[in-house]
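What follows is a single structure, written as structure tokens, with notes after it.
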Amino acid sequence: MGFGYQALLLEVVVLVTLFVQQARTEQLYNISSLRNRELVSGCNLFQGQWVLDASYPLYESSSCPFIDPEFDCQKFGRPDTQYLKYAWKPDACDLPRFDGMGFLKRWRGKKIMFVGDSLSLNQWNSLACMIHQSVPNVKTTLVRNAPLSHVTFEDYGVTISLYRTPYLVDIVRENIGRVLKLDSIQAGNSWKGMDMLIFNTWHWWTHKGNSQPWDYIQDGTKISKDMNRITAFYKGLNTWAKWVDLNVDPSKTKVFFQGISPTHYQAKEWKSGSRNCNGEQQPLTGSSYPGGAPPAVAVVHQVLSTIKKPVFLLDITTLSQLRKDAHPSTYGGQKSGTDCSHWCLPGLPDTWNHLLYAALNM
């Protein structure tokens with residue numbers, strides 16, 4: 001799933017220019033009343049480096065009943081294991097150790113929902129496995145449906161759901177075909193009443209040809225065959241932002257945005273002689289990525305800066321870009337192709353959830 005970042009960057013110069021100054025001013029890690037919350041203790045959770053940690057991984061894939069096959073790299077023969085042993089170390093603090101039982105006790109009787117594409121699926125699998133490792137004998141119920149699936153930890157009444165919707169906004173089948181509606185978010189009715197929401201979208205906004213799940217795109221009253229994808233992403237994400245402001249009660253619901261999960265299809269981005277993520281066995285050293293940020297990052301920052309309700313950005317882009325070694329590549333059970341967009345489990349999404357856990361405990 002290569003996204004042609006160089007071409008996209010050329011398309012969005014004007015749009016990004018409008019965003020940059022405000023992004024710098026806002027800091028853009030946390031918005032509204034959660035603004036800069038990761039800095040309260042003098043620590044930015046998302047600035048740091050990867051270090052080897054003998055206590056990792058946090059669980060074994062063979063012991064977790066919730067992992068989708070395409071993320072189970074050990075099951076499908078990945079021969080190296082060092083990628084399982086890296087922990088994220090913020091520069092200015094130590095992350096609290098993840099405590100699955102403590103998480104369940106704190107969220108007893110609550111409903112948590114991941115909303116988004118297969119990267120949300122990746123993170124949903126991960127959180128369920130991390131908790132299960134702490135309480136392996138607790139009764140669980142797993143229900144998988146489209147678009148809504150959930151795991152319930154029965155003894156604590158905690159339900160962790162996944163609502164699959166790659167664009168957040170709606171795709172509606174009409175007489176002309178499937179229409180991606182940039183200003184419609186009827187699916188949001190299924191997200192109400194949650195105690196925690198973790199949103200994600202981006203990867204599908206660049207899909208074209210046979211992998212594009214819509215025939216037309218609608219912006220207001222205008223229907224067209226296509227439009228600039230970054231502009232479309234910006235408009236769709238603004239619709240989501242308005243939904244948050246209209247429908248979220250911050251006294252009852254915590255809202256997170258997952259951030260932009262990167263791909264590693266172009267090895268030239270990290271100045272490697274290889275072609276893509278296949279065969280990569282170590283993360284990049286340091287705390288910056290040679291290829292720079294995906295163009296969607298500026299859009300996310302801009303949109304989040306406009307939301308009136310508190311939304312916490314899990315700013316996972318750069319730390320994930322460093323993990324060129326953490327993809328399934330050819331060990332995801334697929335018949336052909338190389339997966340450099342999703343992540344092995346155990347693996348990187350465990351860190352996303354560890355950072356989520358840290359943010360909840362600050």
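The values are calculated or read from the model by the stated rules, or taken from the named source; none is laboratory data. Since we're looking at a predicted model, the values are computed, not measured. Glycine also receives a Cβ, built like all others from the backbone with ideal geometry; neighbour counts cover every protein chain displayed. Areas reflect the complete protein model, heavy atoms only, side chains present, ligands, DNA and RNA absent. Shrake-Rupley method; radii C 1.70, N 1.55, O 1.52, S 1.80 Å.
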Spin-label pair Q186/N247, simplified geometry with 7 Å Cα→Cβ offset, distance in nm
1.3 nm
Starting from the amide H of F199, placed 1.01 Å from N in the peptide plane, find each other amide H under 5 Å away whose residue is 5 or more places distant or on another chain.
V115, F256, F257, Q258
Starting from the Cα of K222, draw a straight line to each of the aspartates and glutamates and keep only those under 12 Å, dropping any in the same chain fewer than 8 residues away.
D183
Ignoring ligands and nucleic acids, C344 exposes an accessible area, probe 1.4 Å, in Å² to the nearest 10, of 0 Å²
At a 1.4 Å probe radius, which order do S61, S190 fall into by accessible area, largest first?
S190, S61
Return a single number: how many Lys pairs in region 242-362, at a sequence separation of 8 or more or on separate chains, have alpha-carbon atoms below 27 angstrom apart.
12
Percent relative contact order of region 114-221, based on C-alpha pairs within less than 8 angstrom and at least six residues apart?
29 percent
Only bridges whose two residues both fall in region 164-275 count here: according to DSSP, what percent of them are antiparallel, nearest 5?
55 percent
So which trypsin sites (Lys or Arg not before Pro) in region 177-255 pass both tests, a DSSP loop state and at most 14 other Cβ atoms within 10 Å of the Cβ?
K192, K208, K225, K252
In whole Å, what are the Cα extents of region 187-334 along the three principal axes, biggest one first?
48, 39, 30
If you average 1/r across every pair of different Cα atoms in region 125-243 and take the reciprocal, what Kirkwood value do you get, in Å?
16.3 Å
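Suppose accessible area is computed on protein heavy atoms with a 1.4 Å probe; arrange D170, D219 from highest to lowest.
Reading off the accessible areas and sorting them downward yields D219, D170.
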Kyte-Doolittle at least -1.0, axis length at least 15 Å by Cα - qualifying DSSP helices, the chain:
13-26, 118-134, 229-247, 348-360
How much of the DSSP bridge set in the chain is antiparallel, in percent, rounded to the nearest 5?
55 percent
Can you give me the relative contact order of the chain as a percent, contacts being Cα pairs under 8 Å and 6 or more apart?
25 percent
How high is the relative contact order of region 41-105, in percent, with contacts defined as C-alpha pairs under 8 Å that are six or more residues apart?
55 percent
Given Cβ point charges of +1 (Lys, Arg) and -1 (Asp, Glu) and nothing else, what value in debye, to the nearest 20, does the dipole of region 208-303 about its Cα centre take?
100 debye
In terms of the Cα gyration tensor, with a ≥ b ≥ c the square roots of its eigenvalues, is the chain rounded because a/c is under 1.5, prolate because a/b exceeds b/c, or oblate?
rounded
Can you list the aspartates and glutamates whose alpha carbon is less than 14 Å from that of K181, not counting same-chain residues fewer than 8 positions off?
D170, D215, D219, D226
Among the aspartates and glutamates, which have Cα under 17 Å from the Cα of K105 when same-chain residues fewer than 8 positions away are ignored?
E154, D155, D195
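Ranked by accessible surface with a 1.4 Å probe, highest first, in what order do S274, S261 come? Provide the component values of the computation, followed by the final result.
On the way: S274 45, S261 5 Å².
If we order S274, S261 from most to least accessible, we get S274, S261.
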Give the accessible area for K139 in Å² (nearest 10); use a 1.4 Å probe, count only protein heavy atoms, and leave out ligands, DNA and RNA.
130 Å²
With a 1.4 Å probe and every protein chain left in place, tell me how much accessible area Y331 has, in Å² to the nearest 10.
60 Å²
